[in-house]
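What follows is one structure encoded as structure tokens, with my remarks underneath.
The values are calculated or read from the model by the stated rules, or taken from the named source; none is laboratory data. Quick caveat: nothing in here was measured; it's all calculated off a predicted structure. Neighbour counts run over all protein chains shown; Cβ positions are idealised from the backbone, glycine included. Note: areas computed on protein heavy atoms with side chains; ligands, DNA, RNA excluded. Shrake-Rupley method; radii C 1.70, N 1.55, O 1.52, S 1.80 Å.
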Amino acid sequence: DNSAKLWDIETGKELVNFTTGSAVRTCLFSYSGKQLFYTTDKSMGQTCEVRFFDVNESLSTDTPTPYLTIPVEESKVTAAAWGPLDEYVLTGHDNGVITKWCAKTGNKLKSVKPHSDKVNDLQKVQTK
């Protein structure tokens, strides 16, 4: 239905409806739980975007507004993950590219192409 929803898991009540205009590909809470982002597909006349929201602000309004929107001009986002301390996000793309974005400014910090095909998932790895 071209939306992302925030639910109360104890009651099953819908708390927030984020109207997106196209399909939502990924949706993640930050490690602090104070922010969330989702990515949209480039379809139905919409651009592929990463949209960031403050959770508390979203809960207190009928029409949540992103505090940051990053248009993704390259290949569509197929996977995503938050970086440590909620400072950046990583997006994996349909063309094998992985991009690091600043979660405060939306600046592209780094982009690499370690895969020749679509990135299906991104996972944090613990190092010693």
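Some points to look at:
- If you go through segment 74-107 and keep only what is in a helix (DSSP H, G or I) and either more than 19 Å from S30 (Cβ to Cβ) or open to solvent by less than 80 Å² (accessible area, probe 1.4 Å) (or both), you end up with P84, D86.
- Any hit, segment 4-20, residues being in contact (Cβ under 8 Å) with a residue 12 or more places away in the chain, within 13 Å of the chain's Cα centre (by Cα), within 22 Å of L122 (Cβ to Cβ) and open to solvent by 70 Å² or more (accessible area, probe 1.4 Å): no
- Test: residue in segment 45-65 that is of a type outside the set (S, T, Y), assigned to a loop (DSSP other than H, G, I, E, B) and under 19 Å from L6 (Cβ atoms): yes
- When we screen K110, K124, K128 for residues that are open to solvent by 100 Å² or more (accessible area, probe 1.4 Å), over 19 Å from K42 (Cα atoms), assigned to a strand (DSSP E or B) and basic (K, R), the only hit is K110.
- The one condition from (1) open to solvent by 70 Å² or more (accessible area, probe 1.4 Å); (2) in contact (Cβ under 8 Å) with a residue 12 or more places away in the chain; (3) over 17 Å from R25 (Cα atoms); (4) acidic (D, E) that E57 does not meet is (2).
- Between V50, V16, V55, the distinction of being at pLDDT 95 or above and within 15 Å of W101 (Cβ to Cβ) belongs to V50 only.
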